[in-house]
Each structure stands twice: as structure tokens, then as C-alpha cells.
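What follows is a short report on a single structure.
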Amino acid sequence: MARRKKPKLAVWKFASCDGCQLSLLDCEDELLAVAGAVEIANFPEASSAVAKGPYDLSLVEGSITTSHDAERIHQIRRASKHLVTIGACATAGGIQALRNFKDVESFVAAVYATPAYIDTLKTSTPISHHVRVDFELRGCPIDKGQLVDVIAAFLGGRRPVTPAHSVCVECKLSGTVCVMVARGTPCLGPITHAGCGAICPAYDRGCYGCFGPAETCNTASLTTHWSELGVNREDTVRALRTFNAWSDEFRKETGGD
């Protein structure tokens, strides 16, 4: 009887800090199960061994910041049956997307002795701005439990089960007192996608929006409430322009169009 081949899993990196790839390595016991179920065909963080495509599932970390990146992501898309973006860089341009609001050429001229050597795009953009994406996994970094579920879902032919609600629901489920209602602490929880376990409010801090905009979020209403709490417009814009600055909802609210 012919032995069934394992599905090929590939992990790719673009402009990023590697944190989301490391989340996969941090799965520990779960990683052993993943490694047993798939052939890890391309994962530079874990091994120098590389197997040629096509790949059944590609996990892509990082944003597109150079013309070479823009070409390479199309090559990866063509070689992948399913493509999943992981983390804020891949889904919303990442912290490096802050450059999208400024003049990149002035930065290059100020930092580099020979600016002509620098080949970069004027913007840092999500993978979905360049190729079709089958699923986006939010977070900075992503949640390893969600990552394992996403891998299992695509290998099993089902839709991943990730929460669609906001961080506020996670606070309620864990019994955490609302820091904004009880203490007047500015918090992005009402407009932020769940997935982190509401870590910051549990430590009496407002949510920083690491997981990006929730499925349906009213950014205008929240920023109005923040102004009532005494937060000025400059600080509000700074809060929204962090990990997910180039996401549609946060960008529009900060005047990025």
C-alpha cells in the first residue's frame, strides 16, 4: 500500500521582527504534533533544509517594503495552495507602516550616508494588498493557540475557529473590571480584535490594540469618548498608529487617506 505523503508547510518572512514565527517554535508540545502531521518544507527559523514547492499551506510573516518583496510574494502565492498571513506586519503593515504617513526619502537621507544604495518602497503594506490571502491571523505577536488551530483547520479542510468579538468580551469572560468605565483609563479594547486574553486590562492598563481592529468597530465613537476623558487628538492618533496603523479602520480615523 502506497504511503500517503504529508502536506507541505512553508513559513516565509518579509519585513518583520520574527516574533510571529517564533510563536510557532514556542508551541513546544503542540509543535511536535504539527511536525508529525506535516512536512516542514521551508522554515529558516527552524531549519536550513528547504524542499521545493508546491506547498499545501504557507504561513507568511511581515509586510511588503521593497520591490523585491513585491515580486517574491507573487512567487510564493503561485506555489501555495493556501496562504495565511500571521501577525500585524503581514495583516496591517506593522509598526514600519508608520512611514506611510511621512516622507520616506527624508528619512533615508537623514540616516544613510549613501541614500542611493537604499532600495525601498514609499509604503509598508499588508500581504493582502498584493496577493489573494486565504486567512488573516491577527496579533503582535500572534497567539500560539490560534496558530495551531489555523494549521489544523487548513490541514483538516475546515474554517479556522478564531474569535470575531472585541477585547471587551474577553474582559467580561475573565471577570476583569473595565478600566475605562471604572477608572477612566483610555482603552482600545472596544475596537480591538480579541485573541490576547485581555492581558493589559488584567494588569489595570488600557488595551494597546495589538490585535488590530475588531470585525465591526466604531472608532469614531471611541475617540469621541476618549476626548471626553480628556485625551487630546494628538495622543489619540498616536495610540491608533502603533502595531496596526495601516489597517483600514485605524488609518481612516487618524486621517491617513
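Coordinate-derived values only; no laboratory data. Values in this document were obtained by computation on a predicted structure and should not be read as measured data. Positions of Cβ are generated from backbone atoms using ideal geometry, with glycine treated the same way; all protein chains shown enter the neighbour counts.
In the chain, the DSSP-assigned H stretches of four residues or longer account for a calculated mean residue ellipticity at 222 nm of -10000 deg cm²/dmol, using -39500 (n - 2.57) per stretch and the full residue count as denominator. Here the dipole of the range 140-206 is about 80 debye; that uses its Cα centre as origin and unit charges on the Cβ of Lys and Arg (positive) and Asp and Glu (negative). For the range 8-156, dividing the convex hull volume of the Cα atoms by the residue count gives 112 Å³ per residue. Sort out the exposed loop chymotrypsin sites (Phe, Trp or Tyr not before Pro) in the chain (DSSP loop, at most 15 other Cβ within 10 Å) and tell me the longest stretch that has none. No qualifying site falls inside 1-111, the longest such stretch. Under a model in which nothing but the beta-carbon of Lys, Arg (+1) and Asp, Glu (-1) is charged, the chain shows a dipole of about 760 debye around its Cα centre. Among the GluC sites (Glu not before Pro) found in the range 22-95, those both in a DSSP coil and sparsely packed, with 16 or fewer other Cβ atoms within 10 Å of their Cβ, are Glu28, Glu45. For Lys122, the aspartates and glutamates whose Cα comes closer than 19 Å to its Cα, not counting residues fewer than 8 places off in the same chain, are Asp69, Glu71, Asp103, Glu105, Asp248, Asp257. Look at the dipole of the chain built from charges on Cβ: of Val133, Thr192, Gly255, the Cα furthest out on the positive end belongs to Val133.
In this Cβ point-charge picture (+1 for Lys and Arg, -1 for Asp and Glu), the range 1-116 has a dipole of about 700 debye about its Cα centre. The longest part of the chain holding none of the exposed loop trypsin sites (Lys or Arg not before Pro), meaning those outside H, G, I, E and B in DSSP with at most 10 other Cβ atoms within 10 Å, is 159-257. Of all lysines in the structure, those lying under 17 Å Cα to Cα from Lys252, and not within fewer than 8 positions of it along the same chain, are Lys102. Cross-link reach is defined here as a Cα-Cα straight distance under 20 Å, omitting same-chain residues fewer than 8 places apart; for Lys52 the lysines meeting it are Lys5, Lys6, Lys8, Lys13, Lys81. Annotation: amide H-H contacts under 5 Å for Glu39 (H modelled 1.01 Å from N, sequence separation of 5 or more, or interchain): Lys8, Leu9.
Just to compare against my own numbers: the Cα pair-distance distribution for the chain, 10 Å bins, whole % per bin, please. All Cα pairs considered, the percentages come to 7, 28, 32, 22, 10, 2, 0, 0.
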